[in-house]
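See below for the structure under consideration.
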Amino acid sequence: MPEDRPEFSPLHPAIGAALGFGVMAPNPTWPNIGIGAAVALVITTAARLKYRRDLTRYYGRRLAQKDQAASDSN
């Protein structure tokens with residue numbers, strides 16, 4: 001049974017933005033705005049890196065399966 005290609009979830013950037021806003025909202029001064037933006041950026045970047053890792057693993061497995069099939073047919 002073939003494995004489904006991973007998809008990027010828009011939920012993680014939304015969570016990052018919500019947490020960043022939560023950090024900034026009680027006292028919206030420039031340092032808190034910067035900290036809130038940093039929180040949002042870190043969470044979003046982590047989600048994108050996880051997606052890229054999953055995608056790399058998916059295509060690595062597909063390539064290994066194709067190589068195995070080609071060597072079996074020879």
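Rule-based calculations on the coordinates, nothing more; no lab input. This one's a predicted model, so the numbers in the text were calculated from it and none came from an experiment. Cβ coordinates were reconstructed from backbone atoms using ideal geometry, including for glycine residues, and neighbour counts include every protein chain displayed.
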Output the qualifying pairs, or none if there are none: Cβ atoms under 6 angstrom, residues six or more apart or on different chains, first residue in region 1-26 and within 18 Å of V42 (Cβ to Cβ), second residue among the aromatic types (F, W, Y).
F8/Y51
Select from region 1-51 the residues that are under 30 Å from R62 (Cα atoms), small (G, A, S) and part of a loop (DSSP other than H, G, I, E, B) and list them in ascending order.
S9
